[in-house]
1. Against the condition at pLDDT below 95 and more than 14 Å from the chain's Cα centre (by Cα), how does G54 come out, does it pass?
2. Of everything in the stretch 43-52 that's assigned to a loop (DSSP other than H, G, I, E, B) and touching a strand residue (DSSP E or B) at 6+ places or on another chain (Cβ under 9 Å), which residue is most open to solvent (accessible area, probe 1.4 Å)?
3. For residues in the stretch 66-117 being part of a strand (DSSP E or B) and more than 19 Å from Y31 (Cβ to Cβ), which is most open to solvent (accessible area, probe 1.4 Å)?
4. Given the conditions (1) over 11 Å from the mean Cα position of the chain (by Cα); (2) part of a strand (DSSP E or B), which single one is not true for A40?
5. Residues in the stretch 40-75 that are among the polar types (S, T, N, Q) and closer than 21 Å to H99 by Cβ: how many?
6. Look at V47 and say whether it is of a type in the set (V, I, T) and at pLDDT below 95.
7. Take the residues in the stretch 16-30 that are small (G, A, S) and surrounded by fewer than 15 Cβ atoms within 10 Å (Cβ to Cβ); name whichever of them is nearest to K85 (Cα to Cα).
8. State all residues of the stretch 10-30 that are hydroxyl-bearing (S, T, Y), at pLDDT 95 or above and in a loop (DSSP other than H, G, I, E, B); if no residue qualifies, say none.
Amino acid sequence: VQLQASGGGLVQSGGSLRLSCAASGRSLNGYALGWFRQAAGKEREFVAGLTRSGGSASASSVKGRFTISRDTAKTTVYLQMNDLKPEDTAVYYCAADRHLIASSIRTQSQYDYWGQGTQVTVSS
């Protein structure tokens, strides 16, 4: 599965962005999906995820501000980011896995497929 992330950019604090992650040539139906981010000098961390059964999870730092969803054709996963803060600045990565169990949704090592990353920069 090839994933292509897009939608990053420069936004002011309090603004919004929507990231997209498209699977080339196939459906993501039945896949667990996740968004992760890596700020400069820091480790990559979990942001939000969708389980194979449709459940969702998000990091406490983004809860209430970020929402993960997928389109009805199940070829694209989105991350709607509202009320952005400077500390949200990072490269954002999407990931997918066909067999990942719900309890591992936050564990990046469990994902087999990764997008290339898209930069999000939030100015104060």
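The values are calculated or read from the model by the stated rules, or taken from the named source; none is laboratory data. All values derive from a computational prediction rather than experimental measurement. With ideal geometry, Cβ positions are generated from the backbone for all residues, glycine too; neighbour counts draw on all protein chains shown. All accessible areas refer to the heavy atoms of the entire protein, side chains included, with ligands and DNA or RNA removed. Shrake-Rupley method; radii C 1.70, N 1.55, O 1.52, S 1.80 Å.
1. Answer is yes for this residue.
2. My answer is R52.
3. Residue satisfying both the conditions and the ranking: Q80.
4. Looking at each condition in turn, A40 falls short on (2).
5. 4
6. no
7. So the residue we want is S16.
8. S13, S16
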